[in-house]
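Engineer: Before I ask anything, let me first share the structure, which is written out below as structure tokens.
The values are calculated or read from the model by the stated rules, or taken from the named source; none is laboratory data. Source: prediction; values computed, not measured. Glycine also receives a Cβ, built like all others from the backbone with ideal geometry; neighbour counts cover every protein chain displayed. These area figures cover heavy atoms from the full protein model, side chains too; ligands, DNA and RNA do not enter into them. Shrake-Rupley method; radii C 1.70, N 1.55, O 1.52, S 1.80 Å.
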Amino acid sequence: MLRKIFPVLLLVLGVFAAAQHAFSQTDPLPSWNEGPAKRSITDFVKRITTQGHADFVPEEERIATFDNDGTLWAEQPVYFQVAFAFDRLKAMAADHPEWRQQQPYKAVMDGDMQALAATGEQGLLAIIAETHAGMTTEAFTADVKEWIASARHPRFDRPYTDLAYKPMIELLAYLRANGFKTFIVSGGGIEFMRPWTERVYGIPPEQVVGSSGVTEFKIGPDGKPVLEKLAKVEFIDDGSGKPVGINRFIGRRPIFAFGNSDGDQQMLEWTASGEGPRFMGIVHHTDAAREWAYDRQSPIGKLDKALDEGLASGWTIVDMKNDWRTVFAFQ
């Protein structure tokens, strides 16, 4: 009897395995668990890309915008650009012995985050000014590339770019496969992001919108023109600045937008207020084991008012712990 059943069992198992393999090959979001969040994405994309459907959207209008910190890659224990600034400040310290006695620089040298916090926004702006200005854009790009290649995250001991979220990279690719143009709209520095976003996310530098400092055209010592970075803020692409940046640099209101914090609320509201089908998503950090769990009380990536509005307005709230099968590719 067993001899008769065994070949049949093997056949059934083989068919099941083949079906599972076929599903994994065709599922555009394999790192997402099945559930309402994933369905809301795939259903939206299907509706707006189906010719003849009432919600069909022409390709030229398929604009998707994504915050970066906490949405496309991690942001704890400090924003990664801040970690870059701290490392640059330490590397520059030998030429600035006075920093050992001056705040906020002394706090960074001593690793005293409490003293640094006491200097407030002005302290951080002073650090950014020292570490992001007084050089050409090419020199700054080279510094960013060197840091990205060598710096390691304090918790995971991996390059910072390894902390890009696998589910979101899949989502970006899925949207592009369906005729979307994907943009980063971030409070982070535009020239900090542009050197690596194409390699990590598939988003080219011309599709990165971020905060920026003033640059000045000059003729260098070799007689060639350069752009020099000045210690002066030009544009802050955060909060209410995000819709302004979208209008200024993209020129179309997105139909699809993802964020993770109150700094993204206005971008999501701007997206929601347009005519026709709209998708608004929030990454909710709920996974202390694989990443971090934080929201309303966090000084980094605070999610409070945007969470309330998202819940009330029916936006898609992605529960990282429950909705993502995988967080980082290395896990």
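Engineer: Name the pairs: first residue in region 45-67 and under 20 Å from LEU268 (Cα atoms), second residue polar (S, T, N, Q) and surrounded by 21 or more Cβ atoms within 10 Å (Cβ to Cβ), Cβ to Cβ under 7 Å, at least 6 apart or on different chains?
Structural biologist: Pairs found: ALA64/THR182; PHE66/THR182; ASP67/SER186; ASP67/ASN260.
Engineer: Sticking with this structure for a sec: Do you know which residues across region 153-189 are among the β-branched types (Val, Ile, Thr) and open to solvent by 40 Å² or more (accessible area, probe 1.4 Å)?
Structural biologist: Scanning region 153-189 gives a single hit, ILE169.
Engineer: Can you name the residue in region 272-289 that is closer than 25 Å to VAL327 by Cβ and either in contact with a Lys or Arg (Cβ under 8 Å, 6 or more places away or on another chain) or small (Gly, Ala, Ser) (or both) and is also surrounded by the most Cβ atoms within 10 Å (Cβ to Cβ) among such residues?
Structural biologist: GLY281
Engineer: Now for a separate question. Please go through region 303-331 and pick out each residue that is within 20 Å of ARG278 (Cα to Cα) and of a type in the set (Gly, Ala, Ser).
Structural biologist: Passing the criteria: ALA306, GLY310, ALA312, SER313, GLY314.
Engineer: Another one. Going residue by residue through region 302-320, is there one that turns out to be closer than 25 Å to ARG158 by Cβ, open to solvent by less than 70 Å² (accessible area, probe 1.4 Å) and without any contact (Cβ under 8 Å) to a residue 24 or more places away in the chain?
Structural biologist: Within region 302-320, not a single residue is closer than 25 Å to ARG158 by Cβ, open to solvent by less than 70 Å² (accessible area, probe 1.4 Å) and without any contact (Cβ under 8 Å) to a residue 24 or more places away in the chain.
Engineer: Now for a different question. Condition first: more than 20 Å from LEU171 (Cα to Cα) and either open to solvent by less than 10 Å² (accessible area, probe 1.4 Å) or over 16 Å from the mean Cα position of the chain (by Cα) (or both). Now tell me which residues in region 254-271 satisfy that.
Structural biologist: Selection gives GLN266, GLU269, TRP270.
Engineer: Going by what's in this entry, would GLY251 be described as surrounded by fewer than 16 Cβ atoms within 10 Å (Cβ to Cβ), in contact with a Lys or Arg (Cβ under 7 Å, 6 or more places away or on another chain), small (Gly, Ala, Ser) and part of a loop (DSSP other than H, G, I, E, B)? Walk me through it before giving the result.
Structural biologist: Working: surrounded by fewer than 16 Cβ atoms within 10 Å (Cβ to Cβ): yes; in contact with a Lys or Arg (Cβ under 7 Å, 6 or more places away or on another chain): no; small (Gly, Ala, Ser): yes; part of a loop (DSSP other than H, G, I, E, B): yes.
No; evaluated as a whole, the condition is false for this residue.
Engineer: Could you say whether any residue in region 175-186 is out of contact with any Leu (no Cβ under 7 Å at 6 or more places or on another chain), on the phi > 0 side of the Ramachandran plot and touching a residue at least 24 places away in the same chain (Cβ under 8 Å)?
Structural biologist: Yes.
Engineer: Can you find even one residue in region 103-120 that is open to solvent by 30 Å² or more (accessible area, probe 1.4 Å), of a type in the set (S, T, N, Q), outside any loop (DSSP other than H, G, I, E, B) and over 25 Å from HIS285 (Cβ atoms)?
Structural biologist: no
Engineer: Which residues, taken from region 221-238, are touching a residue at least 40 places away in the same chain (Cβ under 8 Å), surrounded by 15 or more Cβ atoms within 10 Å (Cβ to Cβ) and under 29 Å from GLU269 (Cα atoms)?
Structural biologist: Once the filter is applied, which keeps residues that are touching a residue at least 40 places away in the same chain (Cβ under 8 Å), surrounded by 15 or more Cβ atoms within 10 Å (Cβ to Cβ) and under 29 Å from GLU269 (Cα atoms), region 221-238 yields ILE236, ASP237, ASP238.
Engineer: Just checking, does region 205-213 include any residue being open to solvent by less than 20 Å² (accessible area, probe 1.4 Å), closer than 22 Å to GLN122 by Cα and in contact (Cβ under 8 Å) with a residue 24 or more places away in the chain?
Structural biologist: yes
Engineer: Look at GLU130 and say whether it is among the charged types (D, E, K, R), closer than 16 Å to VAL82 by Cβ and crowded, with 18+ Cβ neighbours inside 10 Å.
Structural biologist: yes
Engineer: Okay, moving on. In region 1-52, which residue that is among the aromatic types (Phe, Trp, Tyr) and modelled with pLDDT of 95 or more is farthest from the chain's Cα centre (by Cα)?
Structural biologist: Among those that are among the aromatic types (Phe, Trp, Tyr) and modelled with pLDDT of 95 or more, it is PHE44.
Engineer: Name the one entry in TRP147, TRP99 that is under 22 Å from the mean Cα position of the chain (by Cα) and of a type outside the set (Asp, Glu).
Structural biologist: The conditions single out TRP147.
Engineer: Separate question: Mind checking which pairs have a first residue in region 260-278 that is closer than 16 Å to ILE184 by Cβ and a second that is open to solvent by 40 Å² or more (accessible area, probe 1.4 Å) and part of a helix (DSSP H, G or I), Cβ under 8 Å, 6 or more apart or different chains?
Structural biologist: Partner pairs satisfying both residue conditions: LEU268/GLU309.
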